[in-house]
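This report concerns only the one structure given below.
Laboratory data are not the source of any read-out in this text; all were calculated from the coordinates shown. Please read all numbers here as calculations on a predicted model, not as lab measurements. Because the Cβ atoms are built from the backbone with ideal geometry, glycine has one as well, and the counts that use them run over all protein chains shown.
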Amino acid sequence: MRAKTKLSWEEKLDQTLSKIGLRFTSQRQVVYSVMLDVRDHPTAETVFLRAKQAMPEISMATVYNCLDTLVRCGLVAQVNLHRAATRYCPNMQEHGHFYCDDCGKVFDVPMAPPVRIMDIPPGFELRRIDVSISGRCPHCHGAVGAGRTESARKSGKRGVSAAA
């Protein structure tokens, strides 16, 4: 009996695209690679800038099309946060997202087994729950006590509060 081998991300991309009748292209490969290389929930613009380093001829429209395809294939998820640009996440495990109001970073947060938080009306089928939380990340929360003012935090500069 032959042992099951783990697929490379390229093989996984190729197989997943094939299942829905799409081809493996160098543009899709570059965009997916960008998503896997730095898992920081980038916007499409950030993906475009990173992809351009590997493929200078790639266009913003192509990046949007590739991201849309990756979302349709289930390889990447869209993360929509209140009044912010759509971000993309390659972590397809069940999890929520924590958005830091100060630095703008998005972090994956593990989710406990489903908890009954609302009554779903009869006849409805629950397929997915999106959980987004906002507040301050540990870095920004610690910066408050380290003498950084609100405006200094937002600009990334160290400063002393006006009361000091």
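Summary table below
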| read-out | value |
| --- | --- |
| Simple spin-label estimate for Glu94 and Leu22 in nanometres, 7 Å along Cα-Cβ | 2.6 nm |
| The range 9-79 - percent relative contact order, Cα under 8 Å, separation 6 or more | 31 percent |
| Net lengthening on full extension, Lys52/Ala85 (0.36 nm per residue, minus Cα-Cα) | 9.9 nm |
| Additional length obtainable on full extension of the chain from Glu10 to Phe107, 0.36 nm per residue less Cα span | 32.4 nm |
| Those aspartates and glutamates that a straight Cα-Cα span of less than 16 Å connects to Lys12, excepting residues fewer than 8 apart in one chain | Asp37 |
